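What follows is a set of notes on a single structure, which appears directly below.
The values are calculated or read from the model by the stated rules, or taken from the named source; none is laboratory data. Everything numeric here is computed off the predicted structure, so don't read it as measured data. When we count neighbours, we look across all protein chains shown, and the Cβ atoms used for this are built from the backbone with ideal geometry, even at glycine.
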Amino acid sequence: MKRGCDMQIDPLSRRLIDRFQHGMPLCAEPYRAMADALECSEDEVLACLEQLESSGGLSRIGPVFEHSRAGASTLVALAVPEAQLEQVAEQINRYPEVNHNYLREHHYNLWFVLTGPDRARIDALLLQIEAETGLVPLDLPMQAAYRIDLGFPIGDAP
Amino acid sequence: MTSLLNDLQAWQLRRLLEAGLPLAARPYQVLAERVGASEEAVLEQVRRWSDSGLFRRMGLVIKHRALGFRANAMLVMDIPDECVDEVGRKLGQAAGVNLCYQRPRRLPDWPYNLFCMVHGREREQVCRLIEQMLAENGLHDIPHQLLFSTRAFKQCGGRYAPPASQVAAHG
């Protein structure tokens, strides 16, 4: 994770991000279709995405799974004593089922998402995490979605 | 509906998709070679998943922090149960709100049931935006907290598909 310096976003990256955080064409040659839509070449699109990826601005490209359909997930919070933070964050990161592990300013300071094929797997993971860290996790599964993540415009976001 | 890939291939494909499409002219051809199927079969399977609503979106997944969006706040609120849907729908439309979910309270430790994610470049800007949003929706007096993230330990996509070994074991 890069810290302390903002990446320069070139115009093509900006257009790709603004146009294709959702609605990427589902066809044999998607990058060519994206290039056609942006009136540039497929090579330019691929080079741009490679550059974005290697500079740390692009996590990946492809489908984002709908968690209610793809399996089970929950938001988890732990109240980690300051002195144990690095160690616990590392323990949590080691789980392949963990994504988006963030430090937040709160008594509950470590927040992450757990995903798995079903709720039973999530329950087992929560028990395992509790046993491993000695901390009782807050288990906050989604009950209703009023807005789902469709990406956001990097040009005019607040 | 005939299945184009066998179960093992389908799970394998899902795991590959969770990690992202290859940056190659024919990304589905690359995936097809890895699961031992034709490009057409892989594309058709992905289209069916897409049509059935398995994907929330398809496209670039960016790392907002690396792109300069470092002020990332989770606004949590305690909204009476009878109006949480109405408030959630309103806040879900508000400018700057990227996600809006209802989650359970866990009393006495956690009294909040509505969560909004707001991303921005500057903390003050995000605070102002949230204050304005709460005021406009008559929510200034409701119990709420702002949890800014100060560090990302990990940021990647969800891994829902079980490992191939487990799929094989289940037949």
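Within segment B:73-87, count every residue that is at the interface with another protein chain (Cβ under 8 Å from one of its Cβ atoms) and in contact (Cβ under 8 Å) with a residue 40 or more places away in the chain.
Here the count works out to 1.
Please name all residue pairs, on different chains or six or more residues apart, with Cβ atoms under 8 Å, provided the first residue is in segment A:89-100 and is within 7 Å of chain B (Cβ to nearest Cβ) and under 13 Å from A:TRP111 (Cα atoms) and the second residue is of a type outside the set (S, T, N, Q) and part of a loop (DSSP other than H, G, I, E, B).
Qualifying pairs under 8 Å: A:ALA89/A:VAL80; A:ASN99/B:CYS156; A:ASN99/B:GLY157; A:ASN99/B:GLY158; A:ASN99/B:ARG159; A:HIS100/B:CYS156.
Test A:SER41 against the criterion of being among the small types (Gly, Ala, Ser) and either at positive phi or under 21 Å from the mean Cα position of the chain (by Cα) (or both), and give yes or no.
Against the criterion (among the small types (Gly, Ala, Ser) and either at positive phi or under 21 Å from the mean Cα position of the chain (by Cα) (or both)), A:SER41 does not qualify.
Here is a list: A:GLY23, A:GLY57, A:GLY62, A:GLY71. Which entry is closer than 30 Å to B:PRO104 by Cβ, in contact with a strand residue (DSSP E or B) (Cβ under 8 Å, 6 or more places away or on another chain) and not aliphatic (A, V, I, L, M)?
A:GLY71
Which count do you get for residues in segment A:90-114 that are in contact with a helix residue (DSSP H, G or I) (Cβ under 9 Å, 6 or more places away or on another chain), buried (at least 19 other Cβ atoms within 10 Å of the Cβ) and among the polar types (S, T, N, Q)?
Result for segment A:90-114: 2.
Can you confirm whether segment B:22-33 contains a residue that is more than 7 Å from chain A (Cβ to nearest Cβ), assigned to a loop (DSSP other than H, G, I, E, B) and at positive phi?
no
Is there a residue in segment A:115-128 that is in a strand (DSSP E or B) and buried (at least 19 other Cβ atoms within 10 Å of the Cβ)?
Yes: one or more hits.
Looking at segment B:88-101, is at least one residue of a type in the set (Val, Ile, Thr) and within 8 Å of chain A (Cβ to nearest Cβ)?
Scanning segment B:88-101 turns up at least one residue that is of a type in the set (Val, Ile, Thr) and within 8 Å of chain A (Cβ to nearest Cβ).
Which ones in segment B:117-153 are under 20 Å from A:TRP111 (Cα atoms), more than 7 Å from every other protein chain (Cβ to nearest Cβ) and touching a Gly at 6+ places or on another chain (Cβ under 8 Å)?
Once the filter is applied, which keeps residues that are under 20 Å from A:TRP111 (Cα atoms), more than 7 Å from every other protein chain (Cβ to nearest Cβ) and touching a Gly at 6+ places or on another chain (Cβ under 8 Å), segment B:117-153 yields only B:VAL118.
Within segment B:86-104, is even one residue acidic (Asp, Glu), surrounded by fewer than 15 Cβ atoms within 10 Å (Cβ to Cβ) and at negative phi?
Yes: segment B:86-104 contains one or more residues that are acidic (Asp, Glu), surrounded by fewer than 15 Cβ atoms within 10 Å (Cβ to Cβ) and at negative phi.
Tell me, which residue of segment B:107-159 that is aliphatic (A, V, I, L, M) and within 30 Å of B:ARG14 (Cβ to Cβ) is nearest to the chain's Cα centre (by Cα)?
This residue is B:MET117.
Answer yes if at least one residue in segment A:86-98 is at positive phi and small (Gly, Ala, Ser), and no otherwise.
No; the residues of segment A:86-98 include none that is at positive phi and small (Gly, Ala, Ser).
Check every one of the helices (runs of 4 or more DSSP H) wholly within segment A:1-87 and list those with 3 or more residues that are at pLDDT below 95.
In segment A:1-87, the matching helices (runs of 4 or more DSSP H) lie at A:11-20, A:42-54, A:67-70.
Go over the candidates B:GLY53, B:GLY36 one by one and state the one that is more than 22 Å from A:GLU105 (Cα to Cα), of a type in the set (Gly, Ala, Ser) and at the interface with chain A (Cβ under 7 Å from one of its Cβ atoms).
B:GLY53
List pairs: first in segment A:55-73 and more than 7 Å from chain B (Cβ to nearest Cβ), second modelled with pLDDT of 85 or more, Cβ under 6 Å, 6+ apart or cross-chain?
A:ALA72/A:GLY116; A:ALA72/A:ASP118; A:ALA72/A:ARG119; A:ALA72/A:ILE122
Is it the case that A:ALA35 is of a type in the set (A, V, I, L, M), closer than 19 Å to A:GLY116 by Cα and more than 7 Å from chain B (Cβ to nearest Cβ)?
In short, no.
Could you pull out the residue among B:LEU54, B:LEU23 that is farther than 25 Å from A:LEU75 by Cα and in contact with a Phe, Trp or Tyr (Cβ under 8 Å, 6 or more places away or on another chain)?
Criteria check complete, one pass: B:LEU23.
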